[in-house]
Amino acid sequence: MLQFIFNWLVRTDPAAHADTIFVLAGHKSRKVFAIGLLRQGTAPRLLFSVGRFEIRRFPELGLPQTIDLLQMAQSIPPPQRHFFVLFENQQFAVQRIPVRALGTLSEIDALSDWLGARPGVSSLIVVSSGPHLRRLRICCRVLIPRNIQIAFLAAPEENAAPDQRNWWKDVSIRKMVLAECFKIACYLVFLPLWKLARSWRSKTISSIAPN
């Protein structure tokens, strides 16, 4: 039973060509893995979700071009700094997304708006940590248009346990899995209300021009 729960959380999809790679905010390894997919030609564009504490280190990711996100964020109060950064054809486009209590849900909500403005995108690769994937699947099932094909991939360095058959013996991994299961339960309750609110609120993202 315990192994079933773990496998249910971390299930990944085969990597296949897509229109866009989307990588969630968080550990640097997620973004490094996504950049590797871009270099392999898995997709022609890469959309980063960049949180407040990642802005300063964004130039360290090793992209062939870089951008000064910190300078662009100067006029925004630090708690409100969260961006989508699109890298395509060696160029960047930056958009600000709102910061809310439920980070993952806010990111997928903003992704839905981003996709709505780009009808040419019909397939996605979503990159995050292994235990995070099930919650992402649930959010995408509710908020992302059904005509968009999505593959979920885990950054290899973030697969939850070196020995997945005995993951429950690691206290930190056990706590992480339990926390993720609790978050999923909360999201299942809250998501229908969130979706209803989308029909009357304004779009969540706005473009930012380089200084």
Next on the checklist: Of the listed values [x] 18.7, 57; [y] 17.0, 54; [z] 20.2, 61, identify the label whose number matches Rg and Dmax of the Cα atoms in Å calculated from this model.
Outcome noted: [y]
Checklist entry - Of Gly103, Pro14, Leu24, which is farthest along the charge dipole of segment 2-208 in the positive direction, counting Lys and Arg as +1 and Asp and Glu as -1 at C-beta? => result Gly103
Checklist entry - Using θ = phi - 60° and the Karplus form 6.51 cos²θ - 1.76 cosθ + 1.60, what ³J(HN,Hα) does each residue of segment 78-89 get, whole Hz, x for Gly and Pro? => result x, x, 9, 8, 8, 10, 9, 10, 9, 10, 8, 6
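With +1 on the Cβ of every Lys and Arg and -1 on the Cβ of every Asp and Glu, and nothing else charged, how large is the dipole of the chain about its Cα centre, in debye rounded to the nearest 20?
Details: 27 positive and 14 negative charges, 109 e Å.
Dipole size: approximately 520 debye.
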Checklist entry - Which far-off residues, 5 or more places away or on another chain, put their amide H under 5 Å from the one on Ile150, with H placed in the peptide plane? => result Leu124
Checklist outcome for this item: Once normalised by the length of the chain, the mean sequence separation of its alpha carbon contacts under 8 Å that are 6 or more apart gives a contact order in percent of 27 percent
Item to check | Furthest towards positive pole of dipole, Gln90, Gln74, Tyr187, structure part the chain, Cβ charges | outcome: Tyr187
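By how many nm would the segment from Phe182 to Glu88 lengthen if fully extended, with 0.36 nm per residue of separation less the alpha-carbon distance? If you can, show how the numbers build up before the last one.
Working: separation 94, 0.36 × 94 = 33.84 nm, distance 3.67 nm.
Extra length available between Phe182 and Glu88 comes to 30.2 nm.
Where both residues lie in the chain, what percent of DSSP beta bridges are antiparallel, nearest 5?
Details: 15 of 28 bridges.
Approximately 55 percent, going by the DSSP bridge assignments.
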Next on the checklist: Can you compute the helix-only [θ] at 222 nm over the chain? Use -39500 (n - 2.57) per DSSP H run of at least 4 residues, normalise by all residues, nearest 500 deg cm²/dmol.
Outcome noted: -11500 deg cm²/dmol
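Which FRET efficiency, nearest 0.05, do Ala101 and Phe4 yield, Cβ-Cβ r, R0 22 Å? Each step should come with its number before you reach the end.
On the way: r = 30 Å, r/R0 = 1.38.
Efficiency, rounded to the nearest 0.05: 0.15.
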Next on the checklist: Can you work out the Karplus-derived ³J(HN,Hα) for every residue in segment 13-19? Use 6.51 cos²θ - 1.76 cosθ + 1.60 with θ = phi - 60°, whole Hz, and x for glycine or proline.
Outcome noted: 10, x, 6, 9, 4, 9, 6
Checklist outcome for this item: Rounded to the nearest 10, the angle in degrees between the Cα long axis of helix 171-198 and the longest principal axis of the Cα atoms of the chain comes to 50 degrees
Checklist entry - Taking the Cα atoms only, what angle lies between the long axis of helix 103-116 and the longest principal axis of the chain, rounded to 10 degrees? => result 50 degrees
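Where a number appears in this text, it was derived from the coordinates with a stated rule and is not lab data. Source: prediction; values computed, not measured. Backbone-built Cβ (ideal geometry, glycine too); neighbour counts: all protein chains shown.
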